[in-house]
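This report concerns only the one structure given below.
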Amino acid sequence: MDARLKKSQTIRDEAERKLASLRDNISLMMPHEMRTPLNGILSNAEILARSAATLKPADVAEIGQDIHKSSERLARLIENFLIYAQLELVAADPKNVNALRVGWTEHPKGLIKKHAAAQAANANRLPDLSFDLADIPVPIAEEYLSKIMDELLQNAFKFSEADTPVRVTLDEAFNAVTLSVSDQGRGFDTEHIARIGAYMQFDRKLHEQQGWGWG
(Lines give C-alpha, C1' and ligand atoms only; values in the text may rest on other atoms or scores of the structure.)
Protein backbone atom coordinates (compact mmCIF):
# COMPACT_ATOMS: atom_id res chain seq x y z
CA MET A 1 0.00 0.00 0.00
CA ASP A 2 1.20 3.49 -0.88
CA ALA A 3 2.63 5.27 2.19
CA ARG A 4 0.26 8.22 1.80
CA LEU A 5 -2.76 5.92 1.51
CA LYS A 6 -1.59 3.97 4.55
CA LYS A 7 -1.22 7.17 6.56
CA SER A 8 -4.65 8.37 5.43
CA GLN A 9 -6.21 5.05 6.45
CA THR A 10 -4.52 5.26 9.84
CA ILE A 11 -5.94 8.76 10.38
CA ARG A 12 -9.44 7.59 9.39
CA ASP A 13 -9.21 4.60 11.71
CA GLU A 14 -8.14 6.83 14.61
CA ALA A 15 -10.95 9.30 13.89
CA GLU A 16 -13.51 6.47 13.80
CA ARG A 17 -12.15 5.08 17.08
CA LYS A 18 -12.45 8.48 18.77
CA LEU A 19 -15.97 8.94 17.38
CA ALA A 20 -17.06 5.53 18.68
CA SER A 21 -15.59 6.35 22.11
CA LEU A 22 -17.35 9.73 22.11
CA ARG A 23 -20.71 8.11 21.30
CA ASP A 24 -20.27 5.56 24.08
CA ASN A 25 -19.36 8.22 26.64
CA ILE A 26 -22.28 10.48 25.66
CA SER A 27 -24.79 7.62 25.83
CA LEU A 28 -23.42 6.57 29.23
CA MET A 29 -23.32 9.95 30.94
CA MET A 30 -25.96 12.17 29.39
CA PRO A 31 -29.06 10.36 30.74
CA HIS A 32 -27.69 10.25 34.29
CA GLU A 33 -26.34 13.79 34.38
CA MET A 34 -29.52 15.31 32.96
CA ARG A 35 -31.92 13.21 35.01
CA THR A 36 -30.28 13.81 38.39
CA PRO A 37 -31.11 17.55 38.66
CA LEU A 38 -34.37 17.09 36.77
CA ASN A 39 -35.52 14.45 39.26
CA GLY A 40 -34.68 16.83 42.10
CA ILE A 41 -36.88 19.52 40.54
CA LEU A 42 -39.77 17.15 39.82
CA SER A 43 -39.81 15.41 43.19
CA ASN A 44 -39.69 18.65 45.19
CA ALA A 45 -42.31 20.28 42.98
CA GLU A 46 -44.56 17.27 43.56
CA ILE A 47 -44.18 17.63 47.33
CA LEU A 48 -45.20 21.28 47.11
CA ALA A 49 -48.19 20.49 44.90
CA ARG A 50 -49.48 17.66 47.12
CA SER A 51 -48.68 18.96 50.59
CA ALA A 52 -48.70 22.76 50.34
CA ALA A 53 -51.54 23.10 52.85
CA THR A 54 -49.71 21.20 55.59
CA LEU A 55 -46.12 22.33 55.04
CA LYS A 56 -44.51 24.80 57.43
CA PRO A 57 -42.95 27.96 55.96
CA ALA A 58 -39.48 26.69 56.83
CA ASP A 59 -40.17 23.45 54.94
CA VAL A 60 -41.41 25.36 51.90
CA ALA A 61 -38.27 27.50 51.96
CA GLU A 62 -36.03 24.42 52.15
CA ILE A 63 -37.83 22.75 49.26
CA GLY A 64 -37.56 25.97 47.26
CA GLN A 65 -33.81 26.05 47.86
CA ASP A 66 -33.48 22.45 46.69
CA ILE A 67 -35.41 23.25 43.51
CA HIS A 68 -33.22 26.29 42.90
CA LYS A 69 -30.00 24.29 43.34
CA SER A 70 -31.19 21.56 40.98
CA SER A 71 -32.29 24.18 38.44
CA GLU A 72 -28.89 25.88 38.60
CA ARG A 73 -27.13 22.57 38.04
CA LEU A 74 -29.32 21.72 35.05
CA ALA A 75 -28.83 25.20 33.58
CA ARG A 76 -25.05 24.87 33.98
CA LEU A 77 -25.04 21.49 32.23
CA ILE A 78 -26.96 22.91 29.28
CA GLU A 79 -24.76 26.02 29.16
CA ASN A 80 -21.58 23.96 29.14
CA PHE A 81 -22.93 21.66 26.45
CA LEU A 82 -23.65 24.66 24.22
CA ILE A 83 -20.25 26.23 24.96
CA TYR A 84 -18.44 23.02 24.08
CA ALA A 85 -20.37 22.65 20.83
CA GLN A 86 -19.55 26.27 19.96
CA LEU A 87 -15.85 25.73 20.70
CA GLU A 88 -15.77 22.71 18.42
CA LEU A 89 -17.11 24.87 15.58
CA VAL A 90 -14.71 27.71 16.37
CA ALA A 91 -11.70 25.40 16.45
CA ALA A 92 -12.42 24.25 12.89
CA ASP A 93 -11.90 27.77 11.48
CA PRO A 94 -8.61 29.64 12.10
CA LYS A 95 -10.39 32.97 11.54
CA ASN A 96 -12.71 32.28 14.46
CA VAL A 97 -9.78 31.26 16.65
CA ASN A 98 -8.01 34.53 15.92
CA ALA A 99 -11.19 36.47 16.69
CA LEU A 100 -11.25 35.00 20.19
CA ARG A 101 -7.75 36.36 20.82
CA VAL A 102 -8.84 39.97 20.35
CA GLY A 103 -10.26 40.31 23.88
CA TRP A 104 -8.04 41.25 26.84
CA THR A 105 -8.40 41.38 30.60
CA GLU A 106 -6.23 44.27 31.76
CA HIS A 107 -6.43 43.59 35.51
CA PRO A 108 -7.18 39.87 36.05
CA LYS A 109 -6.12 39.70 39.70
CA GLY A 110 -9.40 40.98 41.15
CA LEU A 111 -11.53 38.92 38.78
CA ILE A 112 -9.63 35.73 39.57
CA LYS A 113 -9.90 36.29 43.32
CA LYS A 114 -13.62 37.04 43.08
CA HIS A 115 -14.52 33.87 41.18
CA ALA A 116 -12.15 31.64 43.14
CA ALA A 117 -13.52 32.88 46.46
CA ALA A 118 -17.10 32.34 45.29
CA GLN A 119 -16.38 28.70 44.43
CA ALA A 120 -14.50 28.20 47.71
CA ALA A 121 -17.46 29.62 49.63
CA ASN A 122 -19.87 27.31 47.79
CA ALA A 123 -17.73 24.37 48.86
CA ASN A 124 -17.32 25.72 52.43
CA ARG A 125 -13.55 25.76 51.91
CA LEU A 126 -12.45 29.38 52.01
CA PRO A 127 -9.58 28.61 54.45
CA ASP A 128 -8.13 26.16 51.91
CA LEU A 129 -7.80 28.79 49.18
CA SER A 130 -4.60 30.75 48.55
CA PHE A 131 -3.24 32.98 45.78
CA ASP A 132 0.00 34.08 44.17
CA LEU A 133 -1.17 36.47 41.45
CA ALA A 134 0.68 38.95 39.30
CA ASP A 135 -1.73 41.63 38.06
CA ILE A 136 -0.63 41.45 34.44
CA PRO A 137 -2.83 41.81 31.33
CA VAL A 138 -3.91 38.48 29.82
CA PRO A 139 -5.02 37.93 26.20
CA ILE A 140 -8.52 36.66 26.95
CA ALA A 141 -11.87 38.40 27.42
CA GLU A 142 -13.15 38.78 30.99
CA GLU A 143 -16.22 36.68 30.15
CA TYR A 144 -14.10 33.70 29.13
CA LEU A 145 -11.60 34.09 31.97
CA SER A 146 -14.49 34.13 34.45
CA LYS A 147 -15.89 30.91 33.00
CA ILE A 148 -12.50 29.21 33.09
CA MET A 149 -12.00 30.18 36.73
CA ASP A 150 -15.44 28.92 37.75
CA GLU A 151 -14.89 25.55 36.07
CA LEU A 152 -11.33 25.02 37.30
CA LEU A 153 -12.06 26.01 40.90
CA GLN A 154 -15.27 24.03 41.11
CA ASN A 155 -13.36 20.95 39.95
CA ALA A 156 -10.48 21.62 42.34
CA PHE A 157 -12.77 21.75 45.36
CA LYS A 158 -15.00 18.94 44.12
CA PHE A 159 -12.21 16.42 43.62
CA SER A 160 -10.01 17.20 46.61
CA GLU A 161 -10.57 16.71 50.32
CA ALA A 162 -11.50 19.46 52.75
CA ASP A 163 -8.56 20.94 54.70
CA THR A 164 -6.20 20.38 51.77
CA PRO A 165 -4.81 23.39 49.87
CA VAL A 166 -6.13 24.79 46.61
CA ARG A 167 -3.72 27.36 45.17
CA VAL A 168 -4.23 29.75 42.26
CA THR A 169 -1.21 31.35 40.58
CA LEU A 170 -0.78 33.76 37.69
CA ASP A 171 2.68 34.74 36.47
CA GLU A 172 4.61 35.76 33.40
CA ALA A 173 7.83 34.22 32.12
CA PHE A 174 9.51 33.88 28.75
CA ASN A 175 6.93 36.11 27.06
CA ALA A 176 4.04 33.89 28.18
CA VAL A 177 1.35 34.17 30.86
CA THR A 178 0.60 31.07 32.94
CA LEU A 179 -2.55 30.52 34.99
CA SER A 180 -2.41 27.52 37.32
CA VAL A 181 -4.87 25.93 39.74
CA SER A 182 -3.38 23.19 41.93
CA ASP A 183 -5.07 20.90 44.44
CA GLN A 184 -4.44 17.64 46.29
CA GLY A 185 -6.95 15.46 44.43
CA ARG A 186 -6.19 11.92 43.30
CA GLY A 187 -4.91 13.14 39.90
CA PHE A 188 -4.38 11.23 36.66
CA ASP A 189 -2.03 8.52 35.56
CA THR A 190 -0.21 8.57 32.21
CA GLU A 191 -2.90 6.56 30.42
CA HIS A 192 -5.66 8.91 31.58
CA ILE A 193 -3.74 12.01 30.50
CA ALA A 194 -3.37 10.58 27.00
CA ARG A 195 -7.15 10.01 26.78
CA ILE A 196 -8.41 13.28 28.27
CA GLY A 197 -11.29 14.74 26.29
CA ALA A 198 -14.91 15.87 26.46
CA TYR A 199 -17.43 13.38 27.87
CA MET A 200 -14.54 11.35 29.25
CA GLN A 201 -14.49 10.17 32.86
CA PHE A 202 -12.11 7.70 34.50
CA ASP A 203 -12.70 4.95 37.07
CA ARG A 204 -16.38 5.92 37.31
CA LYS A 205 -17.22 2.55 38.88
CA LEU A 206 -14.64 3.12 41.64
CA HIS A 207 -15.32 6.79 42.39
CA GLU A 208 -18.61 8.69 42.58
CA GLN A 209 -18.55 11.35 39.88
CA GLN A 210 -20.86 14.01 38.53
CA GLY A 211 -20.38 16.02 35.39
CA TRP A 212 -19.62 15.36 31.74
CA GLY A 213 -15.84 15.39 31.74
CA TRP A 214 -15.59 18.95 30.44
CA GLY A 215 -13.51 20.30 33.30
The Rg/Rh figure for region 27-149, Cα atoms and Kirkwood Rh, to two decimals is 1.11
Of the listed links 114/158; 69/147; 95/147; 109/158; 56/158, those spanning more than 29 angstrom between alpha carbons are 56/158
Residues other than residue 110 with Cβ under 12 Å of its Cβ, Lys/Arg counted +1 and Asp/Glu -1, net out at 0
Burial-style ranking of 60-69, 153-162, 120-129, 172-181, average other-beta-carbon count within 10 Å with highest first, yields 153-162, 120-129, 60-69, 172-181
With a 1.4 angstrom probe the carbon and sulfur portion of accessible area for region 81-155, in percent, totals 59
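The values are calculated or read from the model by the stated rules, or taken from the named source; none is laboratory data. Note that the structure is a prediction, hence the values are computed from the model and not measured. As a convention, Cβ positions derive from the backbone with ideal geometry for all residues, glycine included, and neighbour counts pool all protein chains shown. We work out accessible area using only protein heavy atoms, side chains counted, and drop any ligands, DNA or RNA first. Shrake-Rupley method; radii C 1.70, N 1.55, O 1.52, S 1.80 Å.
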